[in-house]
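The values are calculated or read from the model by the stated rules, or taken from the named source; none is laboratory data. For clarity, every value in this text was computed on a predicted model and none was experimentally measured. Cβ sites come from the backbone with ideal geometry, for glycine too, and all protein chains shown count toward neighbours.
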Amino acid sequence: MSGLELRNIVKNFGAVEVIRDVSLEINDGEFVAFVGPSGCGKSTLLRLIAGLDKPTGGSIAIDGNDVTAISAADRGLAMVFQSYALYPHMSVRENLAFGLENTKVAKAEIEARIMDAARMLEIEPFLQRRPGQLSGGQRQRVAIGRAIVRRPDAFLLDEPLSNLDAELRVSMRAELAALHARLKATMIYVTHDQVEAMTLADRIVVLRGGRIEQVGTPLELYNKPANRFVAGFIGAPH
Ligand code: ADP
Ligand code: MG
C-alpha cells in the first residue's frame, strides 16, 4: 500500500505501557490529527513514527516497506516540535539549511529551497536574524520552514501552535491548511485542541491511555462518537 501503516505498536517505558496495540493506516497526502488528553501518548506515537524512538513491539511500514529498524534520517519524514527546537546561535537562513548541508542536495538547490520556503512562509525579511530576535509566530514559521526545505513525504507536527497566543493560533491554522493544500504532503498533527483537529484534519485519531478510542472524519466523530469520552472530547452532544 502507499502511505504509512502502523501494526500493533506497543511502547513501554520501564514497566509502564504507554502505547498499547495501536494499528492505523494513513494515506499519502492525508491530514491526520492525533488528539487526546495530556499524557495519552500522542508525542510518543509521533516519535515512534518519526523513528526518534523504537517501539517495544509491532512494526511500521512506509509504502509497503518495513521501516521499523530504519533511522529517522532515512524515513523521508520531517518533524516540527512544539518548542521549535531552533539553533539559537545560527541565523534563520542557517537554521533552514542545517541538516541539508551534509546531504547530496546541491548548494544551489538548497538556496532555491530556502528562498521558496521563506517566500511561502513570509520570513524572507528575517533570514539574517537569529531566533532570539523573532516573535513566537515567526519562530514557528522557521521551524515549519526547516521541515519544508527537506521536501519530506510526510510532516509530523507536535502541537506546533500551542505556544502561540490565541489570535495567532487561528491565523497559523489557516496557513497550515493552505500549506497542506499546496504541498500535498501527508501531515500528522498532534494537538490537544479539538477545534484545531476539527478544522484541519481529514481524519482524527482519538487516543486515551495509549489506545485508539476512535478514528474517523471530523463529521463522523461528531455525529457518531463511539463513546462518551470521544463525544466529550470532540464537543459533540452526548
Ligand atoms: P502526550 O504527548 O499525549 O501528552 P506523551 O506521549 O508525552 O503524552 O507521554 C505519554 C506517557 O508516557 C506519559 O505518561 C509520559 O509520562 C510517559 N513518557 C513519555 N516519554 C517518556 C520517557 N522518555 N520515559 C518515561 N516515560 C515517558
Ligand atoms: Mg505531547
Segment 154-178 - residue that is farther than 16 Å from Thr191 by Cα and either at pLDDT 90 or above or within 16 Å of ligand 1 (Cβ to nearest atom) (or both) and, of those, surrounded by the most Cβ atoms within 10 Å (Cβ to Cβ): Ala154
- request: Check segment 154-165 and report whether any residue there is closer than 23 Å to Glu25 by Cβ, part of a helix (DSSP H, G or I) and within 12 Å of the chain's Cα centre (by Cα).
  value: no
task: Please specify each residue of segment 37-49 satisfying the condition of being hydrophobic (A, V, I, L, M, F, W, C) and either in contact with a Pro (Cβ under 8 Å, 6 or more places away or on another chain) or within 13 Å of ligand 2 (Cβ to nearest atom) (or both).
output: Cys40, Leu45, Leu46, Leu48
statement: The condition of being surrounded by 20 or more Cβ atoms within 10 Å (Cβ to Cβ) and of a type in the set (Asp, Glu) holds, among Glu196, Glu220, Glu213, only for Glu196
message: Anything in segment 1-54 that is out of contact with any strand residue (DSSP E or B) (no Cβ under 6 Å at 6 or more places or on another chain), assigned to a strand (DSSP E or B) and among the hydrophobic types (A, V, I, L, M, F, W, C)? List them, or say none.
response: Phe13, Val16
- prompt: Being charged (D, E, K, R), at pLDDT below 95 and either at negative phi or within 16 Å of ligand 2 (Cβ to nearest atom) (or both), is that true of even one residue in segment 75-82?
  reply: yes
message: List pairs: first residue in segment 44-73 and under 17 Å from Phe155 (Cα atoms), second residue of a type in the set (Asp, Glu) anywhere in the structure, Cβ distance under 6 angstrom, at least six positions apart or on different chains.
response: Leu46/Asp158; Arg47/Asp53; Ala61/Glu5
